[in-house]
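First the structure, in the form of structure tokens, and then the observations on it.
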Amino acid sequence: MELLVASAVGLMTAVGVYLLLQRRTFPIIIGLTLLSYAVNVFLFSAGRLVVNLPPIISDAGAYTDPLPQALVLTAIVISFGMTALIVVLALRSFLETENDNADIPGEDLAPEAEADR
Amino acid sequence: MTNWIIAPAILPALTAALLILVRRRDIRMQRIVSVVATLALVGIAIFLYHLASDGEPRVYRVGAWPAPFGIVLVLDRLSATMLLLAAALALAILVYAVAGWDERGRHFHALFQFQLLGLNGAFLTGDIFNLFVFFEVMLIASYGLMLHGGGARRLGAGFQYVAINLVASTLFLIAIGLIYGITGTLNMADLAVKVPQVAAGNEALLRTGALLLFLVFAIKAAFVPLHWWLPGTYSSASAPVAALFAIMTKVGAYAIIRVYGTIFGADAGALAGVAVPWILPAALATLLVGAIGLLASRTLLDLASFNIVASMGTLLIAIGLFDVDGLTTALYYLVHSTLTGAALFLIVDLITTRRIERGDALIPGHPIRQAPILGALFFLTALAAVGLPPLSGFIGKLLVLDAAYESPQAGLIWLFVLGASLMMTIAFARAGSIVFWNTVGRTTGPTWATMPISPIVVVALLVCAIALLSIFAGPAVEAFHATAEQLLAPADYIDAVLGSTNVMPSTGH
């Protein structure tokens, strides 16, 4: 199970970072989403991987750490909200500039080049 | 008394909710509520600063849960100083924004209050995950503020800003996961106790976590080469927002001081000072890139943005020394550079709105109205930013040079600080000459009768604050010295937080 979880986290991070380095906004957003999935699974595993144990301290003794689960919930809520925001931002930017590039409009252009557009 | 510690977080939160729910289209009412709440915040910050000045850390346990199980807010000299700085700066910027900027988009005042909630919470919290949450609150509000006013350029810059901060948040969570996985706690005081006891086999993982955390703070503090988001974001944001953002980079600096002073301080065993060797080289590079950026600026807004990068460089050099003198200097320079950076953005805005044809481009244009007073304010702020006598920038840089005297890298630090000051002097002199002296044609801009007077008054007051920081540099440095000593001896802090761990709080007090 360790191998499975670890390789899932690794794979999602690798794909996420690759997509993040793209030029257009859509792959970047997908990359950020994959990164947040990877980090959620990673946080979850910070409480150690155990099977079939309750997240409460019981008389039986064995239990799984509930705190990482609470942390993951908070992280999911925040990353979900952030993803929604960045999607809206990318859409607005696309509608206003009619292209999907992630650069700042009007920057890095010589005045003549801007006049030509 | 300790209940007041949570007030700087509660007051903006309630105010923001009120502003969203009640009379959201009534800009007059919004302005009154927002300014009154921020005034009250300044009052609370002064009270808390007074409370913390006896040198005893005070703890507020949220929900009366004992530490390390519950979240704690800790008030010590450092957090009180940061609270007061943030509140005072926020009041000035709010009064500036009320003169017209706040009408150019919706919910300016609510977002502004949420931003204050995030800032104040980040300064107060004694828990790393809670620090993450307050960082996010601060960032979500800053995304809204950054886009205030709209336009394609802001949207493009906003996308980059949000994306880089999402990456930083991801790294923050990975670091938190690593630290929690090894130590089983996220409370800063508890971490300070547990980190030295970590088994040798787990040391490498914890070191990775600590350095990833440093990477996050380095992105916030705009360390070179992680500074690329800053000039684009700050120069695209509206003037009051950019001025408020002047304190956002300082949150990164604050977090570095807090985490690497308290948790990974001198007592942290094998991990003592884990990030410190990285700070100085990055700081020197930041200063150099900031100074080169200033020289290469083609617009006034670039000038103001790269001034933030360069000032972060000087500030981080002082932090990189990580001893009492270094941190004393860092705190002095932190206050100075926040005020100067904010004042510069506001002056640039005043100038830009008067240069109708040229805007903020650094090319000769028409003379502007009110040039004598604006020129004087620009000149004084530039003096402070560059570090020429007699203003606080000079005193701050002198303190940096003095604190670095004993350091093995003293020669390098002196070379960079003095060299960068020269480059900054040239850049500011060039900008000022072009805008105020190299002019032809008819004077443009609003006359005294048709313009609101409050923005100029606010900028003048900020310059007065810089002057006061210079005049009362002695008492200020004494206070910051006590702050640095308290920070580098975290035993009191740990006792205050964990002291009553074994005593369950009574339910009916």
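For B:ILE219, the requirement of being within 17 Å of the chain's Cα centre (by Cα), closer than 28 Å to B:ALA266 by Cβ and more than 13 Å from every other protein chain (Cβ to nearest Cβ) is met.
Considering (1) within 29 Å of B:ALA473 (Cα to Cα); (2) open to solvent by 10 Å² or more (accessible area, probe 1.4 Å); (3) in contact with a Ser or Thr (Cβ under 8 Å, 6 or more places away or on another chain), the lone condition that B:LEU288 does not fulfil carries the number (3). What residue, among those in the stretch A:68-78 that are aliphatic (A, V, I, L, M) and more than 7 Å from every other protein chain (Cβ to nearest Cβ), is nearest to B:ALA175 (Cα to Cα)? By that ranking, first place goes to A:VAL72.
Of note, A:GLY16 satisfies the criterion of being within 10 Å of chain B (Cβ to nearest Cβ), of a type outside the set (A, V, I, L, M) and more than 21 Å from B:ILE179 (Cα to Cα). All of B:LEU166, B:LEU205, B:LEU211, B:LEU173 fail the test of being within 24 Å of the chain's Cα centre (by Cα), open to solvent by 40 Å² or more (accessible area, probe 1.4 Å) and under 28 Å from A:LEU19 (Cα atoms), apart from B:LEU211.
Of the residues making up the stretch B:457-509, those that are modelled with pLDDT under 90 and of a type in the set (S, T, N, Q) are B:SER500, B:THR501, B:ASN502, B:SER506, B:THR507. Just for the stretch B:214-242: of the residues that are open to solvent by 30 Å² or more (accessible area, probe 1.4 Å) and of a type in the set (A, V, I, L, M), which one is farthest from B:VAL98 (Cα to Cα)? Checking each candidate, the answer is B:LEU215.
Under the condition of being open to solvent by 30 Å² or more (accessible area, probe 1.4 Å) and in contact with a Phe, Trp or Tyr (Cβ under 8 Å, 6 or more places away or on another chain), the residues counted in the stretch B:153-163 number 1. Scanning the stretch B:74-106 for residues that are assigned to a loop (DSSP other than H, G, I, E, B) and open to solvent by 10 Å² or more (accessible area, probe 1.4 Å) yields B:ALA99, B:GLY100, B:GLY105, B:ARG106. In the stretch B:291-310, the residues that are among the charged types (D, E, K, R) form Cβ pairs under 8 Å with partners that are open to solvent by less than 40 Å² (accessible area, probe 1.4 Å), at six or more places apart or across chains, as follows: B:ARG298/B:ALA361; B:ARG298/B:LEU362; B:ASP302/B:PRO231; B:ASP302/B:SER235; B:ASP302/B:GLY293. Counting the residues of the stretch A:2-59 that are surrounded by fewer than 20 Cβ atoms within 10 Å (Cβ to Cβ), farther than 28 Å from A:ALA84 by Cα and not hydrophobic (A, V, I, L, M, F, W, C) gives 7. Here the helices (runs of 4 or more DSSP H) wholly within the stretch B:107-206 that include at least 1 residues being within 11 Å of chain A (Cβ to nearest Cβ) are B:128-146, B:152-183.
Please go through the stretch A:84-94 and pick out each residue that is facing chain B (nearest Cβ under 7 Å) and open to solvent by less than 70 Å² (accessible area, probe 1.4 Å). A:LEU85, A:ILE86, A:LEU89, A:ALA90, A:SER93, listed by residue number.
Selection of the stretch B:357-387 for residues being surrounded by fewer than 20 Cβ atoms within 10 Å (Cβ to Cβ) and at pLDDT 90 or above yields B:ILE373, B:GLY375, B:ALA376, B:PHE379. Just a yes or no: is a residue in the stretch A:69-87 over 13 Å from the mean Cα position of the chain (by Cα), farther than 25 Å from B:ALA141 by Cα and aliphatic (A, V, I, L, M)? No, that holds for no residue.
Out of A:LEU49, A:LEU34, A:LEU4, which single residue is hydrophobic (A, V, I, L, M, F, W, C), touching a residue at least 12 places away in the same chain (Cβ under 8 Å) and assigned to a helix (DSSP H, G or I)? When all the criteria are applied, what remains is A:LEU34. Of the numbered criteria (1) closer than 30 Å to B:THR314 by Cβ; (2) touching a residue at least 12 places away in the same chain (Cβ under 8 Å), the one B:LEU147 fails is (1). Looking only at the stretch B:129-152, decide whether some residue is at negative phi, open to solvent by 10 Å² or more (accessible area, probe 1.4 Å) and in contact with a His (Cβ under 8 Å, 6 or more places away or on another chain). Yes, there is a match, as at least one residue in the stretch B:129-152 is at negative phi, open to solvent by 10 Å² or more (accessible area, probe 1.4 Å) and in contact with a His (Cβ under 8 Å, 6 or more places away or on another chain). Restricting the first member to the stretch B:1-18 and to residues that are among the hydroxyl-bearing types (Ser, Thr, Tyr), and the second to residues that are in a helix (DSSP H, G or I), the beta-carbon pairs closer than 6 Å and six or more apart or on different chains are B:THR15/B:ALA37; B:THR15/B:GLN113. The condition of being surrounded by fewer than 16 Cβ atoms within 10 Å (Cβ to Cβ), more than 22 Å from A:SER7 (Cα to Cα) and within 10 Å of chain B (Cβ to nearest Cβ) holds for A:GLY81.
The values are calculated or read from the model by the stated rules, or taken from the named source; none is laboratory data. What you are looking at is a predicted structure, and each value in this text was computed from that prediction instead of being measured. Neighbour counts run over all protein chains shown; Cβ positions are idealised from the backbone, glycine included. Note: accessible area is taken over every heavy atom of the protein model, side chains too, but ligands, DNA and RNA are not part of it. Shrake-Rupley method; radii C 1.70, N 1.55, O 1.52, S 1.80 Å.
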